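Shown next, in structure tokens, is the structure this report addresses.
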There are 2 protein chains.
Amino acid sequence: MPTINENFLKLEKNYLFINIAKKVNAFTAAHPDADIIRMGIGDVTQPIAKCVVEAMKKGADEMGVKETFKGYEDSGTGYDFLKEAVAGYYKSFGVDIPADDIRINDGAKSDCGNIVDIFGNDNVVLITDPAYPVYVDTNLMSGRTVIYADSNEENSFAAMPDENVKCDLIYLCSPNNPTGSVYTKDQLKVWIDYAKKNNAVIIYDSAYEAFITEENVPRSIFAVEGAKECAIEMCSLSKTAGFTGMRCGYTVIPHELTVKASDGSEVSVSQIWGRREGSKFNGVSYPVQCAAAAVFSEEGMKQTRANIEYYQQNARVIAAALDEIGIKYTGGKNSPYIWLKCPNDMGSWEFFDLLLEKANVVGTPGAGFGKNGEGWFRLTAFGDKDRTVEAMERIKKLLK
Amino acid sequence: MPTINENFLKLEKNYLFINIAKKVNAFTAAHPDADIIRMGIGDVTQPIAKCVVEAMKKGADEMGVKETFKGYEDSGTGYDFLKEAVAGYYKSFGVDIPADDIRINDGAKSDCGNIVDIFGNDNVVLITDPAYPVYVDTNLMSGRTVIYADSNEENSFAAMPDENVKCDLIYLCSPNNPTGSVYTKDQLKVWIDYAKKNNAVIIYDSAYEAFITEENVPRSIFAVEGAKECAIEMCSLSKTAGFTGMRCGYTVIPHELTVKASDGSEVSVSQIWGRREGSKFNGVSYPVQCAAAAVFSEEGMKQTRANIEYYQQNARVIAAALDEIGIKYTGGKNSPYIWLKCPNDMGSWEFFDLLLEKANVVGTPGAGFGKNGEGWFRLTAFGDKDRTVEAMERIKKLLK
């Protein structure tokens, strides 16, 4: 009789966004005429850039012709043309990453979860709270001990390390999901120094880097000295280029990164990861990789940049409305997320219900991201421009 | 200091096919003019059917227009249009699977590996030997005990259960990779009865089902009574429709399948799997799903069927050549693989080197698939027709 992995039974029954979808579906079933505006799940709404679509179609055509057909990738870690394009993108903001240290995947979420495979289950994992639920859930699924660094109003939702706390793996996300807060270069240096002192490995999620506007906020942890000896970075085209439905991302594992095995030998993290991928992954669809590479072309960057500016304008609309009704928030400046304090000391889910029922606006309850999220609420700037304006009008009317 | 998952250090350093690629690369570097024919890795060579390419391009176009743009899938388990197409495909060979029991993924290899997540690491895993290395490696990575059922010349490489052996999880693959052997309906019934008696779960890999030609060989384990209470099936479009570079497959987890938790409660395997996918997966690229659905259309089936017949003809060429020089083999009839006994009592790698050096033909050493593979060798029928004829001429010349 097989045993189930009972760690699953200790988790919340559903992934956060599935719970939200259920609540919204129940509401729309009861109110079929309600004009719902969705600012909950961090999903984009602008279409894929034309030159990216064309690159995918060209890739598809190649698959239909024997001479240009592509089967399995030799490495399963991405075609060189795409790895080099990603390396060039890093270079455009001053970060040197060898193409060989880049692994192409089907989105940052997959590797954020899969990375647990290669570390021992006895590791203590430090996660800033609130956090993207994937970090916590995937570690709990493996039976690991998870401890938290509090991100809260006092530290502007940018938790810093506590020298008295020991840990082995650290999850950081900047610009942060859900709070929209960012780490400056100096703050990241403190984390890196802490990681090195504790021989810890940082798993750095930079999925929202394309939204950074300020000079002293790094687009990559590898912009900070010493990171290559202690960090793995995960990024994605989901938010950079609207790839949430296209599915392509990348993980950087520096070849410098090693971990000591119990026999004292130095083990290459990149090599162990390669062994994992060799057995559980077979690479990303070729036409998707063609599309991804086109994102990093001059024309692709120009077109996708326009989409990001569109969302940044939405963020300003949301921020202005909140300013107008005197609601506190973080984010919005270097991030597509606005993290607001629920008015009148309401709880997160209470505010969720209020917004859904009275304004027909869907947001994400902060409590779904951890204990420090209680009383806070996430809105995303990824919506349609007119709908965002409309949503904020409704919210202003409701809360003024 | 993080610990590494030291189970990785006990594995062979590289995935089998990476080792083969390295050997071949070294040979071609030393002999740049050698005209290598690759019959090693089970990769297809025929292009994707035209109607499938067109469906992907249509999907790509939809991504470029705001009104038809697709972001995250709500469920992440596949669009209904594709699940229903897969359900219809099952129906075409007489198997009833509700669309909701089908999970769309980026290929059978991923889920064959990922499925380990949801079961306890104390399970005893029974794998037929020789086997596709993914079953063994991913269980060893999780620290599980793996025991083997011997497939060998005496049982025509179709291992049957031993009533004296107890296990919790069973991996079966029919048509088999690497041996090309198949289980008849009666043989599968014996496995199902054994699994039920032991309360074991069968993980059934049907990736090569499209190559089945004989009536009494089921295309799915669910064609056999009782399977829905004890089996999970994994299949892929890689071999059915040349999707090795497109990346799309499906896993069937019957809603009937439950496992008892330590507190005595019945746990739905499908629900636990959903929780895993919710945290570690975000669905398959929309245009890839459009392409996959087109495979199951009338025109798609016709076009992909022609490719399978092309490979089946190659299998007949390989078989005829081996018959001519008096080499024993299994497979080739319901399978794209021909599993041959190395001549003159040669070892698998010895024969690999001989074929590479003297005939410039790459095959796969049987020893790479487990102890019962030693002395055996796999050739694939997935090559180009003329090249397959040429390879067999070279082999005949070498071994006659």
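Values in this text are rule-based calculations from the coordinates and carry no lab data. If you're wondering where the values come from, they're calculated on a predicted model, not measured in any experiment. Reconstructed Cβ throughout: ideal geometry from the backbone, glycine too, with neighbour counts over all protein chains shown.
Inter-copy label distances at A:Gln271, using a point 7 Å along Cα-to-Cβ, come to 4.4 nm with the shortest given first.
Across the alpha-carbon atoms of segment B:144-187, the computed radius of gyration and Dmax are 11.0, 30 angstrom.
Per the Debye formula on identical point scatterers at the alpha carbon atoms of segment B:244-324, with no solvent, log10 I(q)/I(0) at q = 0.17, 0.20, 0.24 Å⁻¹ is -0.88, -0.98, -1.14.
Dipole magnitude for segment A:18-110: about 400 debye, using +1 per Lys or Arg Cβ and -1 per Asp or Glu Cβ, origin at the Cα centre.
Among the listed pairs A:Lys70/B:Lys91; A:Lys66/B:Lys57; A:Lys197/A:Lys228; A:Lys239/A:Lys371; A:Lys83/B:Lys70, those with a Cα-Cα distance over 21 Å are A:Lys70/B:Lys91; A:Lys239/A:Lys371; A:Lys83/B:Lys70.
Taking neighbour counts of Cβ atoms within 10 Å as a proxy for exposure, in what order, fewest first, do B:Leu16, B:Leu140 appear? Intermediate values should be presented prior to the final figure.
Numbers: B:Leu16 22, B:Leu140 19.
So the ranking, lowest neighbour count to highest, is B:Leu140, B:Leu16.
Rounded to the nearest 500, the 222 nm mean residue ellipticity of chain A from helices alone is -11500 deg cm²/dmol, with -39,500 (n - 2.57) taken per DSSP H run of at least 4 residues. In plain terms, the residue of A:Asp386, B:Asp106, A:Asp150, A:Asp61 with the fewest other Cβ atoms within 10 Å comes first and the most crowded comes last, giving A:Asp386, A:Asp150, A:Asp61, B:Asp106. Placing a label point 7 Å from Cα along the Cα-to-Cβ axis, A:Asp100 is separated from the same position in the other copies by 5.1 nm, shortest listed first.
Volume per residue, Å³, of the convex hull around the alpha-carbon atoms of segment A:211-288? Walk me through the intermediate numbers first.
Numbers: hull volume 9.2 nm³, N = 78.
Output value, Cα hull per residue: 118 Å³.
Partners of B:Lys400 within straight-line reach, counting aspartates and glutamates whose Cα lies under 14 Å from its Cα and excluding those fewer than 8 residues away in the same chain: B:Asp323, B:Glu324. Distance to the B-onto-A rotation axis is smallest for one chain B Cβ; residue and value in angstrom are B:Lys57, 2.
Given segment A:82-197, report the % of alpha carbon pairs whose separation exceeds 22 Å. Write out the running numbers ahead of the final one.
Details: 2891 of 6670 pairs.
Cα-Cα pairs of segment A:82-197 separated by over 22 Å account for 43 percent.
State the answer as a single residue: which of A:Tyr15, A:Gly120, A:Val295 lies farthest towards the positive end of the charge dipole of chain A, with beta carbon charges of +1 for Lys and Arg and -1 for Asp and Glu, about the Cα centre. Farthest towards the positive pole: A:Tyr15.
Give me the orientation-averaged projected area of the Cα convex hull of segment B:83-129, in nm², one decimal.
Working: hull surface 19.7 nm².
About 4.9 nm², averaged over all directions.
Computed over Cα pairs, the Kirkwood radius of segment B:360-400 leads via Stokes-Einstein (1.306 mPa s, 10 °C) to a diffusion coefficient of 141 µm² per second. Taken over segment A:46-90, the convex hull of the Cα atoms encloses 111 Å³ per residue. For segment A:153-260, the C-alpha radius of gyration divided by 2.2 N^0.38 Å, with N the number of residues, is 1.07.
Just report the Cα centroid separation between segment A:19-95 and segment B:212-244, whole Å. What the calculation gives is 30 Å, centre to centre.
Step by step: find N for the protein assembly as shown, compute 2.2 N^0.38 Å, then divide the Cα radius of gyration by it. What's the final number? Before the final figure, lay out the partial values.
Details: Rg = 26.7 Å, N = 800, 2.2 N^0.38 = 27.9 Å.
After normalising by residue count via 2.2 N^0.38 Å, the value is 0.96.
Net charge in the neighbourhood of B:Tyr89 (other residues with Cβ under 11 Å of its Cβ; Lys, Arg +1, Asp, Glu -1) is +1.
Evaluated at q = 0.20, 0.25, 0.26 Å⁻¹, a Debye calculation over the C-alpha positions of segment B:259-306 (equal weights, vacuum) places log10 I(q)/I(0) at -0.75, -0.88, -0.90.
Quick one: divide the alpha-carbon radius of gyration of segment A:1-150 by 2.2 N^0.38 Å and tell me what you get.
Numbers: Rg = 21.1 Å, N = 150, 2.2 N^0.38 = 14.8 Å.
Ratio of Cα Rg to 2.2 N^0.38 Å: 1.43.
Give me the orientation-averaged projected area of the Cα convex hull of segment A:212-357, in nm², one decimal.
Working: hull surface 55.7 nm².
Its Cα hull, projected and averaged over all orientations, spans 13.9 nm².
Rounded, prolate or oblate for segment A:326-400? Axes are the square roots of the Cα gyration tensor eigenvalues, ordered a ≥ b ≥ c, and the cut-off for rounded is a/c under 1.5. Oblate shape, in that a/c is at least 1.5 and b/c is the bigger or equal ratio. The distance separating the Cα centre of segment B:98-112 from that of segment B:152-186 comes to 23 Å.
For segment B:50-297, the percent of C-alpha pairs falling in each 10 Å distance bin, counted from 0 to the bin holding the largest distance, reads 7, 31, 36, 19, 6, 1, 0.
Between this copy and the others, label points of B:Glu215 are 8.2 nm apart in ascending order, each placed 7 angstrom from Cα in the Cβ direction.
State which helices in chain A qualify, where a helix is a whole DSSP H run, it must extend 24 Å or more along its own axis by its Cα atoms, and its mean Kyte-Doolittle hydropathy must be at least 1.0.
Values: long enough: A:298-325 (41 Å, -0.69).
Both cut-offs are met by no helix.
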